[in-house]
1. Name the helices (runs of 4 or more DSSP H) wholly inside the range 39-84 in which the number of residues that are surrounded by 13 or more Cβ atoms within 10 Å (Cβ to Cβ) is 3 or more.
2. Here are some residues: 114, 95, 122. Which one is surrounded by fewer than 19 Cβ atoms within 10 Å (Cβ to Cβ), touching a helix residue (DSSP H, G or I) at 6+ places or on another chain (Cβ under 7 Å) and closer than 29 Å to residue 56 by Cα?
3. What do you reckon, is residue 17 more than 13 Å from residue 107 (Cα to Cα), buried (at least 17 other Cβ atoms within 10 Å of the Cβ) and at pLDDT 95 or above?
4. Is at least one residue of the range 88-107 within 12 Å of the chain's Cα centre (by Cα), within 15 Å of residue 24 (Cα to Cα) and part of a loop (DSSP other than H, G, I, E, B)?
């Protein structure tokens, strides 16, 4: 990691991973608890609630446990489901405000810490996307040979 990037990073990469995983496992534990025990939905069967709100969280589990930065990055697309669900619940349901705030907290932890973990860990591993200018120059050199 360059000196400039190191100065900008305020939370260590391992701590970012821990925060992201707390948010992830918080969602994985809290969502079935909320939907099946604390405030079961009258219009949603328990099976459908589990499939809709728990199965998507299981998809990135192996990569998250291995600490793969790419998995942390794409898992954020899944986390957006919970982010939007919590905001929608806050908007339309007065009786579940606390549950929606808990969900929003876990989703935000996972999203922000996962984003920065994937960025910084990717830099530590030397992963990254080339700048378009460099990519075009390399392609131009290949084509002129």
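1. 46-53, 61-66
2. 122
3. Yes: the conditions hold for residue 17.
4. Within the range 88-107, none of the residues are within 12 Å of the chain's Cα centre (by Cα), within 15 Å of residue 24 (Cα to Cα) and part of a loop (DSSP other than H, G, I, E, B).
The values are calculated or read from the model by the stated rules, or taken from the named source; none is laboratory data. Source: prediction; values computed, not measured. All Cβ positions, even for glycine, are placed from backbone atoms using ideal geometry, and neighbour counts span all protein chains on display.
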